[in-house]
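Trainee: Below are the structure tokens for one structure; questions will follow.
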Amino acid sequence: MTEALSRERRCALLARADRDELIASADACLADGAQVRILVAPEVGCITAQVREPVLAQRFVAGDVLACRAEVELAGHRGWAMRLGDDRAAVLAAAVLDAEVQAERPGAEEVDALCRRVALRLERRDAEEWAELAPTVVEFEELT
Amino acid sequence: MGYSGARGGLEAILAAEDLVRTKRDHAPSPWASAGQITGRFRLAVDRVMGEAGLYDESTAAAAFRQAEGDTLEASHLMRAQRSTLPRLAVSEPVDPSDMVVMRRIVPAFRQPDGPQLLGRTTDYTGRMLEQPDGQPPAPERGEGKQAPERTEDERRPRRFLDLLRKLDLVADQRSGDDPEPYDITRRPARPPAERSAVLAAMARAETGALVGLWYRSILGPDGHVHEVTLGELRHGRLPLSVRHPHTGNAVSVGEFRATEAEAIEDLDGADEDRARFDVGYGFCFGHNERKAIAMANLDIANRRFGRSGPLEQLLLLTVDGLDSGGFLEHLKLPHYVTFRSMVERKRAMRAAAGSGEEPGAAARPAELAESAEPGESAESAESAELAESAVSAGPAESAVPVEPAELAESAVSAGPAESAVPVEPAELAESAVSAGPAESAVPVEPAEPAVSAEPAGKDPR
């Protein structure tokens, strides 16, 4: 039995999904004619990145990261999404998928399945990256 | 009399812009897509993101292409773009220890916790120029060759600072307070400033300026950096989280790459703990090791000597590329009035000397006209007016017609005008303190950054 995703985990994985799979999945969810109300239109802006440095354990602002967000209402439930970058269509689709799960509509299971595919893909990417990096691990010898 | 500047030249300006656009966009070579630029010029893209203070690879690639490879100009474009965007959120505090490392070296210690991971580097490669005719053939990869599963210690190794703390070799500077970080994009930071303002200024500093200041601190007259031992250097991916508006919990919205450095400094001051080291910290967007290392050394130098010398002021006021580059570049704009008023002052002094007055006595504008040579009275009278106007004028002379409303705002953000009046050193210092940053603290309209003729840098005169 697969573990249920928390809302935060689902949002995080939808934020990493490809735009095409998000849009296709959102279209499938809305194919039954359900009406979506857009509460916050897809908006591109910045997330101010504050970093807590380790020496004095104080925060400072490292800069801004480009991001976009959207919020919708579907079947009386609100869906929210935020992603890095400026893809408005993708973030709107992600918000629809979040609302689909909140409303426990028929497409909810498929949304979580999509999230699990994204998680697997990220794990695979990490493994491939490590396969490239691991040969560069070094132990220099000291000359005494 | 109010502002007086140059005008006209619009057709020539448009023709010059068109020449840039045509030569750049229709060069006899294939179009460089954003993907090509991020894939092949990643370090330039990372530098642009870091110096712009805005992380987005595609945007940086577009800026780099538009700027024809000029990283500072690309950063300028990025900042102008950023000034049009709303702030959607402030992130949860990023813990750099969460970084999944793609490169991690500990030059100070051979066997730290976790691996010495060289990653993607040319640090040990001879600088032999390669000039292939085309794309080299792809290297052969071993089929099915897989690395053993990565351990947590290999993904997020414990930082060297933790080992130093464990060995009781580092002075613990943590006070437990958590001041709100200073946002230099909203308010200009001036000395004395909080440390968070200095760190933020260095994080988006122009790389060359920061390295130059770092080197000056080692070899120059200041001597702010004594030890140049690098504790640790990392490049990797960090999660960015915000507060979910419905649940109130932190939610990750993606990852960004960053470089961080820890620099070890020997403590040798009379009131310092000489039995221990201290550590400086550097952090910037993307992969930019020179900048992070310089920042780490300068962080500890600033904590030790920032207030007793000029270092804090230098870090806050001179390392921003848009400030310094903008001021330098504006010198190319017409300065006819400025120079004419300078000439008039010379003539006035000469005339005063000839009439027996004290040569150094300052002449009032009205006197300039009277003291002018025969046959030049009309021009001198005009110059006198110009000299007077320069005193009250706001922004620098601009070749581009500027609307009055923009003038007022420019005067606020650009700082003192180009003055035809000699300025005393004390006034210089005051001007520097009161001048606004190149990037206005006031949210600007989207159209404003397009007025590229307005100098980004402040005029410290």
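Trainee: For the residue pair B:Ser33 and B:Ala138, what label-to-label distance in nm results when each label sits 7 Å from Cα along the Cα-to-beta-carbon direction?
Mentor: Going from the B:Ser33 label point to the B:Ala138 one covers 1.6 nm.
Trainee: Sort segment B:129-194 into rounded, prolate or oblate with this rule: let a ≥ b ≥ c be the square roots of the eigenvalues of the Cα gyration tensor; rounded if a/c is under 1.5, and if a/c is not under 1.5, prolate when a/b is larger than b/c, oblate otherwise.
Mentor: Since a/c reaches 1.5 but b/c is at least a/b, the shape of segment B:129-194 is classed as oblate.
Trainee: Quick check on segment A:35-102: take the gyration tensor over C-alpha atoms, sort the square-rooted eigenvalues as a ≥ b ≥ c, and tell me if it's rounded (a/c under 1.5), prolate or oblate.
Mentor: Prolate, because a/c is 1.5 or more and a/b exceeds b/c.
Trainee: Continuing with the same structure: Counting only Cα, what are the radius of gyration and maximum Cα-Cα distance Dmax of segment B:1-43, in Å?
Mentor: 18.0, 55
Trainee: Let me ask something else. When all protein chains stay in place, what accessible area (Å², nearest 10, 1.4 Å probe) is found for B:Thr207?
Mentor: Near enough 10 Å² of accessible area.
Trainee: Keeping all protein chains in position, work out how much accessible area A:Arg116 exposes to a 1.4 Å probe, and write it in Å² to the nearest 10.
Mentor: Counting only protein heavy atoms, A:Arg116 exposes about 70 Å² to solvent.
Trainee: Taking both sides together, what accessible area is buried at the A/B interface, probe 1.4 Å, expressed in Å² and rounded to the nearest 100?
Mentor: Buried surface at the A/B interface: approximately 5800 Å².
Trainee: Any idea of B:Glu73's accessible area? Nearest 10 Å², probe 1.4 Å.
Mentor: Counting only protein heavy atoms, the figure is 80 Å².
Trainee: Would you list the P(r) distribution for segment B:1-76, with all Cα-Cα distances sorted into 5 Å bins from 0 and each bin expressed as a whole %?
Mentor: 3, 16, 20, 17, 13, 12, 8, 6, 3, 1, 1
Trainee: Next up: Given a Förster radius of 41 Å and the C-beta distance between B:Thr122 and A:Ala31 as r, what FRET efficiency does 1/(1 + (r/R0)^6) yield to the nearest 0.05? Walk me through the numbers before you get to the answer.
Mentor: Numbers: r = 52 Å, r/R0 = 1.27.
Here the calculated transfer efficiency is 0.20.
Trainee: Find the percent of Cα-Cα distances in segment B:159-210 that exceed 16 Å, and round it to a whole number. Walk me through the numbers on the way to the answer.
Mentor: Details: 783 of 1326 pairs.
Above the 16 Å cut-off, segment B:159-210 has 59 percent of its Cα pairs.
Trainee: How far apart, in nm, are two points set 7 Å out from the Cα along the Cα-to-Cβ line at A:Ala119 and at B:Phe339?
Mentor: 6.9 nm
Trainee: Sticking with this structure for a sec: Taking one equal scatterer on every alpha-carbon of segment B:304-363, how large is log10 of I(q)/I(0) by Debye at q = 0.21 1/Å?
Mentor: -0.79
Trainee: At a Förster distance of 25 Å, what's the computed FRET efficiency of A:Ala134 paired with B:Asp162, Cβ-Cβ distance as r, to 0.05?
Mentor: On the way: r = 23 Å, r/R0 = 0.93.
Once the sixth-power term is evaluated, E becomes 0.60.
Trainee: What is the Cα convex hull volume of chain A when expressed per residue in Å³?
Mentor: Dividing the Cα hull volume of chain A by its residue count gives 180 Å³.
Trainee: Calculate, axis by axis, the spread of Cα positions in segment B:174-272 along the three principal axes, and write the results as whole Å, longest axis first.
Mentor: Extents along the principal axes, in whole Å: 55, 30, 28.
Trainee: Which order do A:Arg121, B:Arg82 take by accessible area at a 1.4 Å probe, largest first? Please report the intermediate quantities before stating the final value.
Mentor: On the way: A:Arg121 75, B:Arg82 20 Å².
Most to least solvent-accessible, the answer reads A:Arg121, B:Arg82.
Trainee: Compute the length gained on full extension between B:Glu180 and B:Asp70: take 0.36 nm times their separation in residues and subtract their Cα-Cα distance, giving the result in nm to one decimal.
Mentor: Length difference between fully extended and current span is 36.1 nm.
Trainee: Could you give the Stokes-Einstein D for segment B:1-141 in µm² per second, using the C-alpha Kirkwood radius, 20 °C, 1.002 mPa s?
Mentor: The calculation lands on 109 µm²/s.
Trainee: Here is a follow-up. Just to confirm a number: summing +1 for Lys and Arg and -1 for Asp and Glu over residues other than B:Phe256 whose beta-carbon lies under 10 angstrom from that of B:Phe256, what do you get?
Mentor: -1
Trainee: Local charge sum around B:Ala275 (other residues, Cβ-Cβ under 12 Å, Lys/Arg +1, Asp/Glu -1)?
Mentor: Local charge sum for B:Ala275: -4.
Trainee: While we're looking at this one, here's another question. List for segment B:175-195: residues with 40 Å² or greater reduction in accessible area, all protein chains versus chain alone, probe 1.4 Å?
Mentor: Residues shielded by partner chains are B:Asp178, B:Pro181, B:Arg195.
Trainee: Taking all protein chains together and a probe of 1.4 Å, list A:Val55, B:Val211 from the most accessible to the least accessible. Mind showing how you got there, number by number?
Mentor: Working: A:Val55 5, B:Val211 40 Å².
Of A:Val55, B:Val211, the descending order of accessible area is B:Val211, A:Val55.
Trainee: Run the quick spin-label model on B:Arg276 and B:Gln131: label points 7 Å from Cα toward the beta carbon, then report their separation in nm to one decimal.
Mentor: 5.6 nm
Trainee: Run the accessible area of segment B:62-189 with a 1.4 Å probe and give the carbon-and-sulfur part as a rounded percent.
Mentor: Carbon-and-sulfur percentage of accessible area, whole number: 47.
Trainee: In deg cm²/dmol, rounded to 500, what helix-only [θ] at 222 nm does chain A give when every DSSP H run of at least 4 residues adds -39500 (n - 2.57) and the total is split over its residues?
Mentor: Here the helix-only value at 222 nm equals -14000 deg cm²/dmol.
Trainee: Beyond 14 Å, what share of the Cα-Cα pairs of segment B:62-122 is found? Please give it as a whole percent. Could the numbers behind the result be given before it?
Mentor: Details: 1343 of 1830 pairs.
The answer is 73 percent, as a whole percent.
Trainee: If you don't mind, there's one more thing I want to ask. How much of the accessible area of chain A, in percent, comes from carbon and sulfur atoms when a 1.4 Å probe is used?
Mentor: 50 percent
Trainee: Here's something else I'd like to know. Quick one: net charge around A:Ala108, please, counting Lys, Arg +1 and Asp, Glu -1 for every other residue with C-beta under 14 Å from its C-beta.
Mentor: Charge balance near A:Ala108 sits at -3.
Trainee: Could you please put B:Phe305, B:Phe285 in sequence from largest to smallest accessible area, using a 1.4 Å probe?
Mentor: B:Phe305, B:Phe285
Trainee: Answer rounded, prolate or oblate for segment A:1-54, using the Cα gyration tensor with square roots of eigenvalues a ≥ b ≥ c: rounded when a/c is under 1.5, else prolate when a/b is larger than b/c, else oblate.
Mentor: Verdict is oblate for segment A:1-54.
Trainee: Based on the inverse mean of 1/r over its pairs of different Cα atoms, what is the Kirkwood hydrodynamic radius of segment B:227-317, in Å?
Mentor: Mean inverse Cα-Cα distance, inverted, gives 15.1 Å.
Trainee: Give the calculated FRET efficiency between A:Thr144 and B:Ser97 to the nearest 0.05, with a Förster radius of 41 Å applied to their Cβ-Cβ distance.
Mentor: 0.80
Trainee: As a test of the definition: which semi-axes, in Å, follow for segment B:184-338 when you take the square root of five times each eigenvalue of its alpha carbon gyration tensor? Largest first, please.
Mentor: Largest first, segment B:184-338 gives 27, 26, 15 Å.
Trainee: Over all Cα pairs of segment B:60-196, how is the pair count split among 10 Å bins, expressed in % and running from 0 up to the last occupied bin?
Mentor: 8, 18, 27, 30, 15, 3
The values are calculated or read from the model by the stated rules, or taken from the named source; none is laboratory data. Everything numeric here is computed off the predicted structure, so don't read it as measured data. Reconstructed Cβ throughout: ideal geometry from the backbone, glycine too, with neighbour counts over all protein chains shown. The accessibility values were calculated without ligands, DNA or RNA, using every heavy atom of the protein model including side chains. Shrake-Rupley method; radii C 1.70, N 1.55, O 1.52, S 1.80 Å.
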